[in-house]
Amino acid sequence: MGTDTIVRGVLSDAVKERLLEGILDGTYPPGSRIVETRVARELGTSQAPVREALRDLEALGFVEISPFRGARVRQPSLDELLEAYVVRAELEALAARLAVPGVDGDTHMGLAALLDSMLRCAEEGDTIGEAAADAAFHAYLVDRAGNGTLRRVWGTLEPYSRTYINMATAGADRRLMAELHRPILDAVRSGDATRAEAAIRQHFETARRSLADRWVERSAAPSAAAASATGMTR
């Protein structure tokens, strides 16, 4: 492998991380275009590593690339998001089983601080900040499972879910969504791994139902508005 290939690969990885960060923080919302030339100019690189980064993100399901239309941030279907929640529930239940027997006061305080951050962001209407604190809460517990394979597999799903959390749950009670994490914190504090597993599964089941409900309401809203405009509703 030549030096140029190595350098290009390193640049591509760096560009991919920057683009992923932009997708996660809402800089590139679902459906928005990512223009190679613009990204290259902003990051001070050529288009080649940007193109490679976009291909990697396409393989991970974050973007879709079409001939003559370029790259766009991918908007997943409801089924894809709900499937990801099912898998995350099982992975995080396993994380709880592995982590809870060894957690200490520092872990309790760390989780409590992240829950407080979620609640504060909810009060302030900072949905991006809340989503970041939400992700950090779950990552905190997964990291303490001490299983590298679990962490890597979980990591492929967590950003995918977080990328779309603001879009998919628009209109939801943000404080209520944050409070869904309190039973997990209480279960971890109890030191009962079985209780923690159950709390995580219940958390994701409730989140899945909320997501499905909000998605249906959001999809129905434009149709209702159109019908009203044409005098079809009473």
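The values are calculated or read from the model by the stated rules, or taken from the named source; none is laboratory data. These figures come from a predicted structure and were not determined experimentally. A quick note on method: Cβ atoms are made from the backbone with ideal geometry, for glycine too, and the neighbour counts reach across all protein chains shown. Only protein heavy atoms, including side chains, enter the accessible area calculation; ligands, DNA and RNA are left aside. Shrake-Rupley method; radii C 1.70, N 1.55, O 1.52, S 1.80 Å.
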* Structure fact -> Within the range 5-37, restricting to residues that are open to solvent by less than 60 Å² (accessible area, probe 1.4 Å), outside any helix (DSSP H, G or I) and of a type in the set (Val, Ile, Thr), the one that is nearest to ILE128 (Cα to Cα) is ILE34
* Among the residues of the range 120-131, count how many are surrounded by fewer than 19 Cβ atoms within 10 Å (Cβ to Cβ) and assigned to a helix (DSSP H, G or I). => 5
* ALA40 is checked against (1) aliphatic (A, V, I, L, M); (2) open to solvent by 30 Å² or more (accessible area, probe 1.4 Å); (3) over 24 Å from the mean Cα position of the chain (by Cα) and fails just one. What number does that condition carry? -> (2)
* Since VAL50 meets every condition but one in (1) free of Cβ contacts under 8 Å to residues at least 40 places away in the same chain; (2) within 23 Å of ASP213 (Cβ to Cβ); (3) crowded, with 17+ Cβ neighbours inside 10 Å, which condition does it not meet? -> (2)
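Here's the yes/no breakdown for (1) farther than 14 Å from LEU82 by Cβ; (2) in contact with a strand residue (DSSP E or B) (Cβ under 6 Å, 6 or more places away or on another chain); (3) modelled with pLDDT under 85:
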| position | (1), (2), (3) |
| --- | --- |
| ILE184 | yes, no, no |
| ASP192 | yes, no, no |
| ALA199 | yes, no, no |
| ARG208 | no, no, no |
| LEU211 | no, no, yes |
